[in-house]
Structure formats: structure tokens, C-alpha cells
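Step one of this worksheet: look at the structure below.
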Amino acid sequence: MNRLCCAVLISILVLVGSAAAANYVFERSVIQGVGYRSHELVGQTAQGYSGQKIVEKISGSGNFYDRTEFELSVNYNSINYTQEADFEYFPISYQTGTYDQKWQDRLCVSNYDAGAVVTEQYTHAESLMKNTQISTAGDSRLNEVNNSGIEASFNANVIGVGHIGWLSKEKVEGGKRYFEVGRSVEDVTGVFSIEKYIQLSKNESTTSNIDWLPCL
């Protein structure tokens with residue numbers, strides 16, 4: 001009996017130890033309502049400072065509509081992200097308390113294979129209407145064309161504070177240092193509209209053991 005219990009226990013441990021995370025993720029969501037919302041999205045195609053990474057954080061109170069599609073493939077080393085959103089700020093009171101926070105939407109997408117990063121941020125927003133589309137991919141044996149890069153399209157109308165930036169870095173051959181190929185940072189406050197298209201690409205991968213691609 002004891003031998004049987006031990007055998008079952010060992011089998012369970014082997015099964016648990018061999019379990020692996022999903023290497024493909026797809027999520028489509030439509031979130032709308034009146035109240036307070038807090039949302040976080042994190043994804044990565046590789047460990048450490050390689051592959052593709054995305055981080056998004058949304059929070060605020062008032063009226064909101066958000067339609068998002070998110071796709072991540074570890075095998076193809078790619079991330080596709082689309083968001084159509086409309087946020088309107090006003091305080092919300094319930095029996096459980098009062099929620100009073102202007103909207104903020106922070107998005108950062110990093111491509112360590114290509115040495116590129118794109119950032120889109122809106123804070124202290126009384127009104128925010130936006131349409132964002134981002135595709136990022138790196139080297140993979142499954143890709144037809146083995147290029148790395150980020151393609152991003154931003155279209156937004158905002159009352160608040162906005163920040164959009166991109167950065168491209170290249171590793172110095174034979175060294176551990178990196179130099180900036182290009183950088184663009186856009187900061188605005190007030191009532192404004194933004195329309196931007198960004199394409200950053202290269203035909204070879206760059207790897208590193210340090211985080212050399214900060215969100216701008």
C-alpha cells in the first residue's frame with residue numbers, strides 16, 4: 001500500500017513538474033460602463049531582456065468604453081495589439097466609498113531583438129478617445145521573413161496630458177555599449193489631438209543580459 005501511494009505521489013510530481021505555460025494567447029474584450037476601472041496587461045515572448053514585451057495599465061473613474069484585441073505567440077515571437085477606447089472622467093460615489101481619479105492609460109511595447117521601444121501614455125485625462133494599433137515581431141524560424149521590428153499607429157483626442165515616444169538602439173560591434181540610432185519624444189498638455197505612425201525595423205537580432213530598452 002505504501003509503495004502504491006509513493007508511486008502515485010511520484011507520478012503527480014512528474015506531471016506537475018512537466019507542465020508548461022500556454023505559448024499562444026488571444027484575448028478579445030469589450031468593457032463598458034460607469035464607475036471605477038483598473039486594468040493591467042502584461043505579456044512577453046521570451047525570458048529576460050530578449051524577445052517582445054508589452055505592459056499596459058489603465059485606471060480612472062467615470063464613463064468608459066474599451067474594445068481590445070491582444071495576440072501573443074511565443075513560437076512566432078510576435079505580439080499584436082489593438083485598442084479602441086473612449087474615457088470620460090467624473091467622480092463616482094457608492095455606499096462603499098467615493099472614487100475620484102482622472103483617467104490614465106500607459107502602454108509600453110519593447111522589441112529587444114530589434115533594439116526598439118514605443119511608449120504611449122495619457123494621464124490626468126478628463127476626456128480620452130483613442131485608437132491604437134501595434135505589431136511587433138522578432139527572429140523566429142517560423143517567420144517567412146526573419147526581420148525584427150515594431151509598427152505602431154496612434155490616433156487620439158485628449159483633454160489632459162499626453163506622452164508618445166520611441167527609441168531605437170544599436171549594439172556596438174565587439175562591445176557591451178549601445179548607441180542611439182534615433183529617438184522621438186512628444187509631450188503635450190491641454191486639449192489636443194495626436195496622429196502618429198511609427199515603423200522601426202532591422203534584419204538581424206540583438207541580445208543582451210541587461211535592460212537597455214527603458215520605456216521613454
Hits in segment 148-158 (condition: touching a Leu at 6+ places or on another chain (Cβ under 9 Å) and surrounded by fewer than 18 Cβ atoms within 10 Å (Cβ to Cβ)): E151, N157
Hey, G35 farther than 22 Å from E186 by Cα, under 15 Å from the mean Cα position of the chain (by Cα) and either surrounded by fewer than 21 Cβ atoms within 10 Å (Cβ to Cβ) or of a type in the set (V, I, T) (or both) or not: no
If we keep just the residues of segment 74-100 that are within 30 Å of E170 (Cα to Cα) and modelled with pLDDT under 95, which is surrounded by the most Cβ atoms within 10 Å (Cβ to Cβ)? N77
Would you check if there is a residue in segment 40-51 being within 18 Å of V158 (Cβ to Cβ) and of a type in the set (D, E)? no
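Could you check segment 105-115 and list, in sequence order, the residues that are more than 11 Å from G138 (Cα to Cα) and either at pLDDT below 95 or in contact with a Leu (Cβ under 7 Å, 6 or more places away or on another chain) (or both)? Before you say what the answer is, go through the steps one by one.
Pass one, segment 105-115, residues more than 11 Å from G138 (Cα to Cα): 105-109.
D105, the sole residue that qualifies.
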Within segment 8-24, is there a residue that is out of contact with any Phe, Trp or Tyr (no Cβ under 6 Å at 6 or more places or on another chain), modelled with pLDDT of 90 or more and surrounded by 12 or more Cβ atoms within 10 Å (Cβ to Cβ)? no
The residue from G149, G175 that alone is modelled with pLDDT under 95, over 25 Å from Q83 (Cβ atoms) and of a type in the set (G, A, S) is G175
Strands (runs of 3 or more DSSP E) completely within segment 59-169 that count 3 or more residues being under 19 Å from S184 (Cβ atoms) and not aromatic (F, W, Y): 103-111, 116-137
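The values are calculated or read from the model by the stated rules, or taken from the named source; none is laboratory data. Note that the coordinates shown come from a computational prediction; the quantities given were computed from them, not determined experimentally. Reconstructed Cβ throughout: ideal geometry from the backbone, glycine too, with neighbour counts over all protein chains shown.
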